[in-house]
Every structure is written in C-alpha cells, then in structure tokens.
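One structure is given below, encoded as structure tokens.
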Amino acid sequence: TKTADGTELTVSIDNAYAEYQRDPKSLSIITARFAKTLAQSAPSSREKIDQLVVIVRPSDYIIKSVQPGASLENFVPARPLAGDLSFFLAVDSPTAIRSLAPSDLKRWKIDETVAWGRAIANVKIRVGPISMIRLGSEVGPSGLLAESGLAPSILSDPALCSSGHPNGMGGQILLLYARDTLLFVMPDDEASIATFWKSVKVEIQEGRSIS
C-alpha cells in the first residue's frame, strides 16, 4: 500500500488468516477488524517514539511485501539475526504493527542508530506478559506467546541473544513458528530435542512455520 506522500506500507494477512483457520465462522469479524487495521496503518502524527519496537521476520520480509523491482528506499534497513531471520524496526499500535518508514525518523528527528536503541529499549515494556505454550499436545515443543503479538521480539534484547549469547542465554534452539510465536528447546534435554526437531520438520513441510 502507498500513501499520498509516497510512503509504502506493508500489512500482512498471516495472523488474520491463521485466526480464520482456527474459527472460520468468525470470518466477518476478522475481515472487519483487518479492514479497520488497514485504514489505521498509515503514519500518524499521533504516533509517539515510545511505540518503536523491534520485530522478527524472515530476511526477505520487505522484498516479498512489495512489487517486483520496487524501490526499498521507503524502508529502514533490517539487521540480521541468524539463519533466514532478521530484525526489523516497526511502529506498534493497539490495532496494528507497521514497518518503520524513513519519514518517521524525519518526523521524530532521530537517525537509525537512535531508532534501534529506542526500539530495543521499548521491547520489554511493549511485549507485556509472556505465556508458555505447547505446540500440538502436552508433549509438543515449548513456545512463547504474548497477547501483544511481540513475543519473538525479546530476541532483540542483547542480554538474551547477542554475539555473547548467539542462541539464547541457555543455548536454546529456537524457531520462529509464527509472527507472534517462538518455539524453543533446551540443549541438554535430548528427548525434548528429538521431539522438537520431529515437530519442526512436520510444521515446515506443511508450510506452517515461517522460519
């Protein structure tokens, strides 16, 4: 989507579609909410710098969100995480999460370095309470989920995932299962690791995992 000033916005239907798959009878409600979200996705002067966050997405997230050959100058460059994943700057609101645009930096009078610092600092506050889940069954892989949809964003915390702790503080094996869900397993639990990889292979083959 492109606004009047030429700013390109990316809006994903992945979460909405996943919600529809869980409850097809809610299609009209989901569609109405998505339409409202789309209408509110453009940059707004009401947005504050404390809404800056870091999100985790596949590294080709932006490229796949625009038309082939489209310019990427309206997007702030990502930072690599690991494998096929990268960190992206975004603006979080009650109804939507949108990619940060260079026009936001200009409006807030900050540069990319400051933006990254503020976004990482904001993550702990904006992620909110995190819940532990199990994928598929009580013996399935463990995962992290937050009502904010930002659970995977905790990976941007240098104390959790950095050059000193590239796989998490405890050396966990991680998988970005969905935009809002992170699966993990402890490296010293051989039985759980076997279950983890078995489940992961199935999810990837079925196209249900995004990393």
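Bear in mind these aren't lab numbers, they're just calculated from the coordinates by the rules spelled out. Note that the coordinates shown come from a computational prediction; the quantities given were computed from them, not determined experimentally. Cβ sites come from the backbone with ideal geometry, for glycine too, and all protein chains shown count toward neighbours.
So how much slack lies between Ala159 and Asp60, counting 0.36 nm per residue of separation and subtracting their Cα-Cα distance, in nm?
Separation in residues times 0.36 nm, less the Cα-Cα distance, equals 33.1 nm.
Out of residues 5 or more away from Ala146 or on other chains, whose amide H comes under 5 Å of its own, with H placed 1.01 Å from N in the peptide plane?
So Ala146 has HN proximity to Ser131, Ala151.
With a cut-off of at most 16 other beta carbons within 10 Å, and DSSP calling the residue loop, which GluC sites (Glu not before Pro) in region 177-211 qualify? Please list them.
Answer in residue order: Glu206.
Within a Cβ distance under 11 Å of Phe196, other residues only, what is the Lys/Arg minus Asp/Glu net charge?
Counting the neighbours of Phe196, the net charge comes to -1.
Check the straight Cα-Cα distances from Lys198 and name the aspartates and glutamates below 18 Å, setting aside those fewer than 8 residues away within the same chain.
Qualifying aspartates and glutamates at Cα under 18 Å: Glu138, Asp188, Asp189, Glu190, Glu206.
Among the GluC sites (Glu not before Pro) in region 98-166, which ones are in a DSSP loop with at most 13 other Cβ atoms within 10 Å of the Cβ? Mind listing them?
The qualifying sites are Glu138, Glu147.
Any idea how far the Cα center of region 79-158 sits from the one of region 174-211, in Å?
Cα centroid of region 79-158 versus Cα centroid of region 174-211: 19 Å apart.
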